[in-house]
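Report on the following structure.
A short reminder: the numbers here are calculations on the coordinates, not readings from a lab. It should be emphasised that the depicted structure is a prediction, and the values quoted were computed from it without experimental measurement. Using ideal geometry, Cβ is built from the backbone for each residue, glycine included, and neighbour counts are taken over all protein chains shown.
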Amino acid sequence: MKYCRFSIENRVCYGAVEDRNGEPWIVSLIDAPEEDLACRLSSAPAPAGFQPMPLSAARLLPPVTPSKIVCVGRNYRDHARELGNEVPAEPLLFFKPPSSLLPPGGIVRMPPASARVDFEGELALVIGRRATRLSADDDWRSYVRGCTIANDVTARDLQKKDGQWTRAKGFDTFCPVGPLVSDEVDPASGLIVETRVNGELRQHGSTLDFLFSIPALLTYITSAITLEVGDLLLTGTPAGVGPLAAGDRVEVSITGLGVLGNTVEHQSR
Ligand code: ZN
């Protein structure tokens, strides 16, 4: 099952996505998941007589409405080393605020406070079942609804300057996500994560190269933090991170999940 979230006739909708001749199409409307209360409680009428449309023609929204976005730093050996960091002995966690979410096609706004804003292409997991203190014996797959693509946009200079990462990782527009959520891909089988800037390949990694596996991450995270339905987990970025400039187009692609494309501009004020 693949689904997206989009707006049509000023109403937020969810759509089932299927491939037609190699291109993803929204084929039907589906109920909003339980965490999207705003959509479920909306009094706006559902559009009647929905006609299937290509995903590329839809006004896409982030396909997630998380209560929190939990992120893992340095989960690929080569990326830890490229920034001069030790390979961590335990997962390194941080948050991005839900206010940083940006839809596919949205504009990443580089804030005046930063002189270096980097891309970080990442596999993201959507939690499908409330998870507290999981153990290694638990079936992690039963807690994950599906996978999507995220770009963990980072003000690299502020990450160093601030001593912690809240601002550097948390600016508005710094978490592009989408275009869809899928349970038809298996991260444990090796998904290829690639990032291109203006068409040039900049990152290429495989989820087989995670330092900490998904069950190890979920066990570690939920020993401290309950993951709610709809929460988003960013699993870290492979080597090759680098700066973005105004006018750039950045695209993150992952096997079976399509392409998350965004443009970059200066924040106007
Ligand atoms: Zn990251």
Unique match (being of a type outside the set (Lys, Arg), on the phi < 0 side of the Ramachandran plot, more than 16 Å from the ligand (Cβ to nearest atom) and out of contact with any Gly (no Cβ under 8 Å at 6 or more places or on another chain)) among Leu232, Leu208, Leu201, Leu180: Leu201
Residue list for the range 215-238, restricted to those being over 14 Å from the mean Cα position of the chain (by Cα) and surrounded by fewer than 22 Cβ atoms within 10 Å (Cβ to Cβ): Pro215, Ala216, Thr219, Tyr220, Ile221, Thr222, Ser223, Ala224, Ile225, Thr226, Glu228, Val229
Strands (runs of 3 or more DSSP E) lying entirely in the range 25-140 (those with 3 or more residues that are within 16 Å of the ligand (Cβ to nearest atom) and of a type outside the set (A, V, I, L, M)): 92-96
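Does any residue of the range 239-247 turn out to be over 13 Å from the mean Cα position of the chain (by Cα), within 24 Å of Asn85 (Cβ to Cβ) and part of a helix (DSSP H, G or I)?
Checked against the condition, which is being over 13 Å from the mean Cα position of the chain (by Cα), within 24 Å of Asn85 (Cβ to Cβ) and part of a helix (DSSP H, G or I), the range 239-247 yields no hits at all.
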Search result, residues across the range 177-211 that are part of a strand (DSSP E or B) and among the acidic types (Asp, Glu): Glu194, Glu200
Candidate set: the range 25-58, residues that are exposed (fewer than 15 other Cβ atoms within 10 Å of the Cβ) and among the acidic types (Asp, Glu); chosen: the one nearest to Leu180 (Cα to Cα): Asp31
Cβ pairs under 8 Å, 6+ apart, first in the range 231-244 and touching a residue at least 24 places away in the same chain (Cβ under 8 Å) and under 16 Å from Ser206 (Cβ atoms), second within 12 Å of the ligand (Cβ to nearest atom) and among the β-branched types (Val, Ile, Thr): Thr235/Val72; Gly236/Val72; Thr237/Val193; Pro238/Val193; Gly240/Thr195
Test: residue in the range 193-205 that is touching a helix residue (DSSP H, G or I) at 6+ places or on another chain (Cβ under 8 Å), within 27 Å of Pro54 (Cα to Cα) and of a type outside the set (Gly, Ala, Ser): yes
Of all residues making up the range 212-229, the number that are part of a loop (DSSP other than H, G, I, E, B) and within 16 Å of the ligand (Cβ to nearest atom): 1
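Could you look through the range 1-24, keep only residues that are acidic (Asp, Glu) and in a strand (DSSP E or B), and pick out the one that is surrounded by the most Cβ atoms within 10 Å (Cβ to Cβ)?
Glu18
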All positions within the range 147-176 that are within 13 Å of the ligand (Cβ to nearest atom) and acidic (Asp, Glu): Asp152
